[in-house]
1. When a/c is below 1.5 the answer is rounded, else prolate if a/b is larger than b/c, else oblate, so apply that to the range 485-525 with a ≥ b ≥ c taken from the square roots of the Cα gyration tensor eigenvalues.
2. Measure off 7 Å from each Cα along the Cα-to-Cβ vector at Asp358 and Gln413, then give the distance between these two points in nanometres to one decimal.
3. Could you work out how much longer the chain between Glu187 and Ser423 gets when fully extended? Use 0.36 nm per residue separation minus the Cα distance between them, nm to one decimal.
4. List, in the order given, every pair from Lys81/Lys331; Lys31/Lys262; Lys106/Lys331; Lys106/Lys424; Lys331/Lys424 whose Cα-Cα distance in the structure shown is over 22 Å.
5. Which residues' amide hydrogens lie under 5 Å from the amide hydrogen of Lys120, considering only partners 5 or more residues apart or on another chain, with H built in the peptide plane?
6. Ala308 to Leu134: FRET efficiency via 1/(1 + (r/R0)^6), r the Cβ-Cβ distance, R0 35 Å, to the nearest 0.05?
7. Note the full-extension length gain between Ala327 and Trp171 as 0.36 nm times their separation in residues minus their Cα-Cα distance, in nm to one decimal.
8. What is the extension gain from Leu160 to Met4, computed as 0.36 nm multiplied by their sequence separation minus the C-alpha to C-alpha distance, in nm to one decimal?
Amino acid sequence: MTTMTSADIVAVGSGHNGLVAAAYLAAAGKKVLVLERNAWFGGGVVTRELTLPGFRHDQHSMSHIFIQANPLLKNDELKLKSRYGLDYIFPDVPMMSVFEDGRTLKLYRDRERSAAEIAKFSRRDAEAFRRMSLQAAAWLPMMAATLYAPPAPVGATHALFDSSREGRELWRVMQMSSHDLLCELFEHEWVRMHFARVAGENLVSPDEKATAIGAYVFLGFLEGCGFGVARGGAGILTDALIACIHDHGGEVIGNSEVARIKVANGRAAGVETVDGRSFAAKDAVIGAIHPHLLGSMIDGMDARARAAAEATHITPAACITVHAALAEPLKFRTRDPVDAVMVEMLPASYEILRRDFDELRYDQFMPYPLLGLGSLSQFDPSRVPPGKAILHLWDYVPYRRPDGRSWDETKQQYADRMLAHLSKFVANIPDCLLKAHIDSPVDMERTSPSFRRGDLHGIANATYQSGAHRPTPDLGGYTVPGLERFYLVGPFQYPGGGVFGAGRATAMTMFEALGMDFEKQGRVK
Ligand SMILES: Cc1cc2nc3c(=O)[nH]c(=O)nc-3n(C[C@H](O)[C@H](O)[C@H](O)COP(=O)(O)OP(=O)(O)OC[C@H]3O[C@@H](n4cnc5c(N)ncnc54)[C@H](O)[C@@H]3O)c2cc1C
């Protein structure tokens, strides 16, 4: 609880994006108040003892990839690393696939080591990988330059692409499906499948058009930045942001669900909580509010903007996760060391993976579970009691079950299926399980309304919901038409789902509207 009833800036939601935006404003001298509906903070960036005391689980995001190139961390603009306790470990192997027959394929941060892995399957593909990796490295600076600031208009971006040979090649790749690209590049179906799984991590089928660029973005970041494992847990990022806000006189309070944005003379003037408390915002309100919910929280929202927001599409690939406390580290059946941040358990044929995603389109279960896992205690033992380990296991399912049963009633059964499948790859499952916590897609949206229908990116990653048109052309600039001094954050905004620290771009928009200089004032001195 707080005694504050007014602030310069009131932020709805303590997800990392809201906290990032609020922290930049606090650093610039604004009095900020962040209101969170949960009793805990961080939304998708949270570490909690979900199973047993001493076992710290990253309930949602576990690996912080895209935020690494953000000037927020790269230049330590808010001193999260040098003053507020944020520290990342960058393992050599960010991602690997384990196939059912025990063979493995690792992607190292080092291009040549990855090429040697791919050469186990095809020498020609190893050569193609080198070209892909060089292209990804060449595109990375350009991509990184656009991800942490407000998006450029879609038309101007297309015109720019069209003005050079390289731009046109990038634009061609951006329109292809991952599958089209991977068939163009690689001959071995397991190499294709390994990279196709990356599209799956973005909750899309490799056959979805306009997903191919994801493989280059992923590889560029994997090699250029690494997959960050926060020492102590992903939630340390949240803790560092909150420490920064506190240090600058701000407050972050829990158990405060905002029901309504108060509007006075076309301007956001504050918020009202579901339990009737009212907070005035002198300068602005920041809202982590899903486009489907925005209209119900803003009285008199522009009708066309509201209808478009409510029509935004959600992926059919909802996420289900199992967090487990383990008596000992996982013992994979393969003889190769399994030492990656993200480990993908893959079937014997690529067609199985492609058909799995087709089933989800029809709201059916995937016949072959597409399990991914992280056991980050192997890199950061501080998360578990000595000798013990943790498991973060995920799979994709329809939000509405085809048998009509509720997820609350059936999630244990589904988790048992996941663990049974995992035991084909891991010898000490289920014996080493001490206790498990399961988040169904319904639990996911209960923990944060951003993860609506279990879509961990808020809304689908489709071209028509991308760039300055994410989530809609009306809302793409982090503002709502007809409402001044209200600014949006969330995975449903540009650049999209994932831990990007995209609240920086929202802060830049706010600094401009408030007549402040982001480069000079938006820094912790
Ligand atoms: C299972 C899972 C695994 C993931 N893994 C990764 C990963 O490894 N790497 C990665 O980069 N990304 C990952 N993601 C995605 C990533 O977690 C999200 O994209 C990111 O956390 C979104 O941050 P945000 O601040 O925009 O929104 P959120 O984290 O959703 O924060 C929004 C906050 O606002 C609060 N809120 C909303 N409405 C109100 C209201 N009316 N009143 C008060 N409070 C409110 C919510 O409770 C929440 O705390 C994962 C997501 C999930 C679900």
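1. Details: a/c = 3.38, a/b = 1.58, b/c = 2.14.
Note, shape of the range 485-525 comes out oblate.
2. For the pair Asp358/Gln413, the computed spacing is 2.7 nm.
3. Working: separation 236, 0.36 × 236 = 84.96 nm, distance 3.02 nm.
Difference between extended and current length: 81.9 nm.
4. Details: Lys81/Lys331 34 Å; Lys31/Lys262 19 Å; Lys106/Lys331 17 Å; Lys106/Lys424 19 Å; Lys331/Lys424 11 Å.
Among Lys81/Lys331; Lys31/Lys262; Lys106/Lys331; Lys106/Lys424; Lys331/Lys424, the Cα-Cα distance tops 22 Å for Lys81/Lys331.
5. Long-range HN contacts for Lys120: none found.
6. Values: r = 40 Å, r/R0 = 1.15.
Computed FRET efficiency for Ala308 and Leu134 comes out at 0.30.
7. Numbers: separation 156, 0.36 × 156 = 56.16 nm, distance 4.92 nm.
Computed gain between Ala327 and Trp171 is 51.2 nm.
8. Details: separation 156, 0.36 × 156 = 56.16 nm, distance 4.79 nm.
Length difference between fully extended and current span is 51.4 nm.
Just so you know, all these numbers are worked out from the coordinates, no wet-lab data involved. Every value quoted in this text rests on a predicted model; they were computed, and no experiment measured them. Here the Cβ is made from the backbone with ideal geometry for all residues, glycine too, and neighbour counts use every protein chain on show.
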